[in-house]
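Accompanying notes for the structure given below.
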Amino acid sequence: MSRDRTTPPRSLIDFLDIAQRNEKQVLIRHSELFELLERLNRSFEKIFAVQYLGPQVPGFLVMTAYGYFMSAVRLAVSGQMPPVFPLLRAGIEGVLFALLMVAEPKKIDVWLKRGDSKSSKQKCRDAFTGKIGLSELSKRDPELSKTLGAYYDSSIDFGAHPNVSAMLPHFGVEDKGTHWLAMIRTIHSSDSQAVVDTLASTIAAGGYMIAVMSYVMTGHEPAKLAYNEAHDVLSELDAMMRAWAQQETPDGSSPLPVFTK
């Protein structure tokens, strides 16, 4: 490795400043989408504002899922597309794992003892997967399970895993005459389609998390009410996306299916 290589000086402060300025522009340009995020956030807050009398560990997992949602929002509004999806996927897994614990309480102990030994770790990995969680959800809400499953799988292609379809759209190559300059876009501008898609995907994931929470926190009235609000938010998002898509495609198709009440 040569010590004489020169690169333009860049710092984390510069990066954070650009992200913050872009965030302000995104909030202004996409206020309708952000309002949907805010409504979901209020639903999350209402769920946790009332004492929950159910099992503690699944409750802890759904709280953690909310934390993943908020972190994803923070990245989405700054225009950082691929890193949003690992957070959303982890949040979805959190509520699905909580559902597995509610369905089969002995799995709580399996989860808690994950770090005890190599065999305990493998047992936990075998017991808790997104696929198994979706299968459990299908017993309660087949349509939600199907819709969430499609979203969960597609998140890999948008950035949850570093594969070709997730990474290449953000790369660029410029001919500098004597060499090729490879570049990666880590912040998308407020007027880009990537920002719209990322905000919409974050809304969808938040709505799906809340919907699954209602099956985890059975008997918790705020969770039941939040389910209805999540449905309304996703219905409005679907209408927005269809209206925007109609400007591009004759059939006005939307990439975001909505679960029914």
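Just so you know, all these numbers are worked out from the coordinates, no wet-lab data involved. Please read these numbers as outputs of a predicted model, since none were measured by experiment. Don't worry about glycine lacking a Cβ; one is built from the backbone with ideal geometry, like all the others, and counts go over all protein chains shown.
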Among all residue pairs at least 6 apart or on different chains, which show Cβ distances below 7 Å where the first residue, located in the stretch 176-188, is surrounded by 10 or more Cβ atoms within 10 Å (Cβ to Cβ) and the second is part of a loop (DSSP other than H, G, I, E, B)? T186/Q80; I187/S78; I187/G79; I187/Q80; H188/G79; H188/M81
In the set A182, A226, A243, the lone residue that is outside any loop (DSSP other than H, G, I, E, B) and either in contact with a strand residue (DSSP E or B) (Cβ under 9 Å, 6 or more places away or on another chain) or under 23 Å from P86 (Cα atoms) (or both) is A182
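Looking at G159, is it in contact with an Asp or Glu (Cβ under 8 Å, 6 or more places away or on another chain), closer than 25 Å to A211 by Cα, in a helix (DSSP H, G or I) and of a type outside the set (A, V, I, L, M)?
no
Go through V173, V212, V196, V233 for me and flag whichever is farther than 23 Å from G94 by Cα and either part of a helix (DSSP H, G or I) or among the acidic types (D, E) (or both). Before the answer, list the steps.
Values: V173 fails: either part of a helix (DSSP H, G or I) or among the acidic types (D, E) (or both); V212 fails: farther than 23 Å from G94 by Cα; V233 fails: farther than 23 Å from G94 by Cα.
Only one candidate passes the filter, namely V196.
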Selected residue [under 27 Å from G149 (Cβ atoms) and either touching a Leu at 6+ places or on another chain (Cβ under 6 Å) or among the charged types (D, E, K, R) (or both)] from A98, A103, A65: A98
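Would it be correct to say that R114 is without any contact (Cβ under 8 Å) to a residue 12 or more places away in the chain and surrounded by 15 or more Cβ atoms within 10 Å (Cβ to Cβ)?
Yes.
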Just give me the residues in the stretch 127-151 being in contact with a helix residue (DSSP H, G or I) (Cβ under 8 Å, 6 or more places away or on another chain), among the polar types (S, T, N, Q) and under 22 Å from R114 (Cβ atoms), in sequence order. S135
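Residue-wise test of (1) in contact with a Gly (Cβ under 6 Å, 6 or more places away or on another chain); (2) in contact (Cβ under 8 Å) with a residue 60 or more places away in the chain; (3) closer than 16 Å to S155 by Cβ.
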{"site": "F85", "(1), (2), (3)": "yes, yes, yes"}
{"site": "G91", "(1), (2), (3)": "no, yes, yes"}
{"site": "V95", "(1), (2), (3)": "no, yes, yes"}
{"site": "L100", "(1), (2), (3)": "yes, no, no"}
{"site": "V110", "(1), (2), (3)": "no, no, no"}
{"site": "K118", "(1), (2), (3)": "no, no, no"}
Can you tell me how many residues in the stretch 92-142 are in contact with a Cys (Cβ under 7 Å, 6 or more places away or on another chain), part of a helix (DSSP H, G or I) and not aromatic (F, W, Y)? 1
When the residues of the stretch 61-91 are narrowed to those that are β-branched (V, I, T) and assigned to a helix (DSSP H, G or I), which ends up surrounded by the fewest Cβ atoms within 10 Å (Cβ to Cβ)? T64
Return yes or no: is P162 surrounded by fewer than 22 Cβ atoms within 10 Å (Cβ to Cβ) and more than 17 Å from the chain's Cα centre (by Cα)? no
